[in-house]
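Since the structure comes first, as structure tokens, the remarks are kept for the end.
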Amino acid sequence: MPEWIITIVKILVIVFGFVMGVASLLTLVGDRKQSAKIQNRIGPNRATLFGLDIQFFKNLGISHFIADGIKMVLKENTIPNGANKFLHGLAPSLVFLPGLFGWAVIPFMDTYCTGDITVLANYQEVCSGEEKRYFQIMHMEVGLLYAFAITAISVYGAAIAGWASNNKYSLIGGLRSSAQMISYEVAIGLSLAGVILVYGTLDLNEMVRMQGHQMWGIVPMWGVFVQPVAFFMFFLAGMAETKRAPFDVPEGESEIVAGYITEYSSMKFGVMQLGEYAATVFIGSLVAIMFFGGWQVPFLYGDGFHFGTPTGTPDVAVPYALIVLLRIGSMVIKTLFFVWLQFMMRWTLPRFRYDQIMTLGWKILLPLGLANLVITALLSAIF
Amino acid sequence: MARTINVVPQERVPKTFWEKSYVPEIMRGLAVTIRQFGRNTFSRKENRDTFTIEYPESGTSHYPERYRGRHRLMLREDGQVRCVACMCCSTICPANCIHIEAGEHDDPTVEKYPAVFVIDELRCIVCGLCVEACPCDAIRMDTGVHMQPRFDRTTAFHARDEMMSRGGLSLATKGGRDAVNEDYTW
């Protein structure tokens, strides 16, 4: 099969199948059902699906989800008087697309090995055949930098949306979002500097491979164990980057209507919302990759489970196809778990005040990140 | 002119370091929400904390005894309507939703009966004043049946016979002479 067909299939499956599927389902499962369960409610369970009175579909609230999409598409698309038409139309895609472009470098599995795999005592997996990148859209040595360069673009989307709407609430929302995102990008970058020092690579797949190593033979070298402070910082700053509660001052509906999305209707509004959900999924996957071993399953290597030093025959031999499935499943489940955790945070915490956000970003996370970086550098220089 | 202002200094409880760092407090909050989420999602139905009452399936047992539901017109012993078309209810109705046209009754002691008695449920605000105003216990709202949503407005007009079909025998007697006797229990 030619390379470009494989690439297109990868894009279709990962971006449109996984990311868009999860992001749009989050409008139902995350916002409606999960919040209902937390607040001792039931959530949507009345509407039938195409008139079919099946209790299962009614309980899931599937028809609300479908009606949401149809409503978004069919609604009238309004552009306010005095708005900059070109920028007003451009902004939603600038918010939405970065959340999808970033997935190019996310590995869902190690490189697919056509031959046999030998696991060395230093946890490296040596492939005797050809290595095919079937589970990562684009292999990039500087994948991490690329991911953050791309996600940083979404700040333009919010700022342009706020400015082009010719609405004071939108402008305030745009300003708030750009201030917040730029502040927290500093914290994100600094929190990851320590991780990069520990793993010594910017390649996300290589980073996940490093996390298959064991510390003292029992603890996997996951980012959360070697860089716990960085994990908290990254998770916090990442939630601030997605502009969702408790960091949702840019669209604080009690103060400024809906912030920079006030003047958007129909599918433009839908795209803005989907962009936020996609960013949530993206942050979830980055946390999984950098701090929870990505596609790694603990003690599972290229030929099976090794409890202890991985030499010779594995303790539990596993066929390669099953290993591939286990690893993809591991990555997907970890990602979904952190998406779920972000939604739990959203329904747990009240909204931060604007000055609290700035204090947290500049006075707490920035010095903490610097301290973490210095200590990590010292420790990695000593050992 | 000097003004005296009484100031009561408030002793603020100083926050500890861990409280200021938010982390343990956020963990506690998360523990609460995750516990609720788990209990309401994975446990058996009777163990859940869900407050929602699913109305048509779960019935109306949770309504208080004096809940005001759909109207009904009470009947005489011979099955005729008790209403004497005195217009008290339609007069007091703040929403003007009761329409009565009186007809002449065969029995001279009764004088009138409602030839037309229509309640517009779209306008009714379920205040219960018509029941309070009725001098002969003819209209009641004690059916315990919820006001129903409907797809067609024309079905929202409740005619006399429909409300009579929900009605029953009233124990109140004319003039109220025997209203307080042993048989009469509310």
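Helices (runs of 4 or more DSSP H) fully within the stretch B:1-113 that include at least 3 residues being more than 14 Å from every other protein chain (Cβ to nearest Cβ): B:88-92.
Once the stretch B:108-123 is narrowed to residues that are among the charged types (D, E, K, R) and over 25 Å from the mean Cα position of the chain (by Cα), the residue that is nearest to B:H158 (Cα to Cα) is B:K112. Condition first: free of Cβ contacts under 8 Å to residues at least 12 places away in the same chain, under 27 Å from the mean Cα position of the chain (by Cα) and surrounded by fewer than 18 Cβ atoms within 10 Å (Cβ to Cβ). Can you find one or more residues in the stretch A:112-133 that meet it? Among the residues of the stretch A:112-133, not one is free of Cβ contacts under 8 Å to residues at least 12 places away in the same chain, under 27 Å from the mean Cα position of the chain (by Cα) and surrounded by fewer than 18 Cβ atoms within 10 Å (Cβ to Cβ), which makes the answer no. In the stretch A:341-352, the residues that are under 10 Å from A:I38 (Cβ atoms) and within 7 Å of another protein chain (Cβ to nearest Cβ) form Cβ pairs under 7 Å with partners that are aliphatic (A, V, I, L, M) and buried (at least 19 other Cβ atoms within 10 Å of the Cβ), at six or more places apart or across chains, as follows: A:W347/A:I38. Scanning the stretch B:17-24 for residues that are loosely packed, with under 10 Cβ neighbours inside 10 Å and farther than 30 Å from B:R166 by Cβ turns up at least one hit.
Restricting B:R48, B:R72, B:R68 to those that are at pLDDT below 85, of a type outside the set (A, V, I, L, M, F, W, C) and either touching a strand residue (DSSP E or B) at 6+ places or on another chain (Cβ under 6 Å) or surrounded by 14 or more Cβ atoms within 10 Å (Cβ to Cβ) (or both) reduces the list to B:R48. The condition (being of a type in the set (V, I, T) and within 30 Å of A:G173 (Cβ to Cβ)) is satisfied by just one residue among A:V332, A:V339: A:V339.
Within the stretch A:174-213, being out of contact with any Phe, Trp or Tyr (no Cβ under 6 Å at 6 or more places or on another chain) and outside any helix (DSSP H, G or I) holds for A:G200, A:T201, A:L202, A:D203.
Going by the conditions given, is A:A47 surrounded by fewer than 16 Cβ atoms within 10 Å (Cβ to Cβ) and either among the acidic types (D, E) or within 14 Å of chain B (Cβ to nearest Cβ) (or both)?
When the stated conditions are applied, A:A47 passes them.
The values are calculated or read from the model by the stated rules, or taken from the named source; none is laboratory data. Because the structure is predicted, anything quoted here is derived from the model rather than measured. Please note: Cβ atoms are built from the backbone with ideal geometry, for glycine as well, and neighbour counts cover all protein chains shown.
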